Amino acid sequence: MTSALVERPPISLAELVEEAELLTRVDRKYLVPVAELPAVLAGLPSGTRVLEIDGRRDFAYRSAYFDTPALHSYLAAARGRRHRFKLRTRSYLDSDVHFFEVKTRGSRGTTTKQRIPYGGEPALSPAAAAYAAEVLGVQLDLDHVLTTRYRRKTFFLPEGGTRLTVDTRLAWELPDGPGIRTPQWAVVETKSAAGASAADRLLWSLHHRPRVVSKYGTGLAALRPDLPSNRWRPALRIFPTAPTLERLRDETP
């Protein structure tokens, strides 16, 4: 995977936003064994560029997810509701930049992301709660329910302005509770404005098919076996079982 990063020309964050901000998009997610990533990245089409910031091409992320006490966001996803939402903070740890994001899903399978700058604290700020109420049109009582950590590489494919993200060293943690790691697996995601991209066709040719997987939903289901999780049952097979849960507090992937 290292050679694929080095050989691809860079794209700056400003260029990536200009070419493929994709705040409204079609997402497809794939669970790919880390050992098979080199074949995926080597097969990306000519002209593919990799995000580079201050000489880095691999970035640490942390997200804190918020939900109601009744877990309305989680249950809407678990039950496949067409109209659903997700609330999280997104921290770019290498640059110490933080956002609060509201993601909504429409009837045609598109995802819309709206966000504001955020202070980075784990508790939900009044400004973030007010922003969520403004976007969703309803005031919600919200709690911090899950934290995820991972490292991401981002590729830009010129055909259709597609993004491909590769997330590795994945870890999930309950607030003040245990955590899970899945170091042998990567979440590969394609983000395009419309139909299947060249990256999707490449993944299909390598026998990787889209999966119903959500860092929030699947991770919370793995850590909370009391919750309904049939929607993510195939994806849950990558997670260790309860006896192998470990504390992950204060660790960055």
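Only the coordinates and a few stated rules stand behind these numbers; no lab work does. None of the values given here were measured: they were computed from a predicted structure. When we count neighbours, we look across all protein chains shown, and the Cβ atoms used for this are built from the backbone with ideal geometry, even at glycine.
Using a Förster distance of 25 Å, how high is the FRET efficiency between Asn230 and Leu206, based on the Cβ-Cβ distance and rounded to 0.05? Write down the numbers at each step before the final one.
On the way: r = 28 Å, r/R0 = 1.10.
Given R0 = 25 Å and the Cβ-Cβ separation, E is 0.35.
Of Leu16, Leu206, Leu220, the residue with the greatest mean-square motion in the GNM of the chain, using alpha carbon springs below 10 Å, is Leu206. Can you tell me which of Val138, Val187, Val26 moves the most in a GNM of the chain? Springs connect C-alpha atoms under 10 Å apart. Among Val138, Val187, Val26, the largest GNM mean-square fluctuation belongs to Val138. In the calculated pair-distance distribution of region 64-184, the portion above 22 angstrom amounts to 42 percent of the Cα-Cα pairs.
Set against the 2.2 N^0.38 Å expectation for a compact globular protein, region 32-131 has a Cα radius of gyration ratio of 1.35.
Mean separation of Cα pairs under 8 Å and 6 or more residues apart, divided by the residue count, gives region 90-242 a relative contact order of 14 percent.
Helix content alone sets the calculated 222 nm mean residue ellipticity of the chain: runs of n ≥ 4 DSSP H residues at -39500 (n - 2.57) each, divided across all residues, give -6000 deg cm²/dmol. Summarise the long-distance tail of P(r) for the chain by giving the % of C-alpha pairs beyond 21 Å. Roughly 59 percent, once rounded to a whole number. Across Ile116, Ile11, Ile180, mean-square fluctuation computed from a Gaussian network of the chain (C-alpha pairs under 10 Å connected) peaks at Ile116.
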